[in-house]
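Taken together, the values in this text are just the output of simple stated rules run on the coordinates, not laboratory data. Quick caveat: nothing in here was measured; it's all calculated off a predicted structure. A quick note on method: Cβ atoms are made from the backbone with ideal geometry, for glycine too, and the neighbour counts reach across all protein chains shown.
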Amino acid sequence: MDEQKREKWYFKTGSLIVSFLLVGPFMLPLVWAHPRFSKKSKLIITAVIIVMTLILTMLLVNALRSLGSYYRFLLDEKF
């Protein structure tokens with residue numbers, strides 16, 4: 001009886017956080033399959049994950065642009 005009531009490892013909060021940090025929005029099916037979350041909670045979590053993913057993507061693009069301009073600057077200085 002205890003085994004049936006135990007939560008699966010992939011539904012634990014820590015596992016959900018780690019999976020978001022590792023695979024980002026690809027963990028959303030785990031959120032939607034979670035038996036304890038209400039529909040409202042699932043929608044809020046989904047919105048937060050989407051916003052965080054967009055922000056992190058914009059930061060990555062800006063970092064890559066800065067890195068590219070830095071390398072162009074270094075190459076122009078040498079020649």
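Mind telling me which of the residues Val31, Val18, Val51 ends up being surrounded by 10 or more Cβ atoms within 10 Å (Cβ to Cβ) and in contact with a Leu (Cβ under 8 Å, 6 or more places away or on another chain)? Checking each option against the conditions leaves just Val31. Considering only the range 34-47, I want to know if a residue exists there that is charged (D, E, K, R), at negative phi, surrounded by 10 or more Cβ atoms within 10 Å (Cβ to Cβ) and part of a helix (DSSP H, G or I). Yes, the range 34-47 has at least one match. The requirement of being closer than 19 Å to Thr57 by Cβ and hydroxyl-bearing (Ser, Thr, Tyr) is fulfilled somewhere in the range 29-47, by at least one residue.
In this structure, does Thr57 turn out to be of a type in the set (S, T, N, Q), in contact with a helix residue (DSSP H, G or I) (Cβ under 7 Å, 6 or more places away or on another chain) and either surrounded by 11 or more Cβ atoms within 10 Å (Cβ to Cβ) or not in a helix (DSSP H, G or I) (or both)? In short, no.
Among all positions in the range 1-18, there is at least one residue which is among the acidic types (Asp, Glu) and in a helix (DSSP H, G or I).
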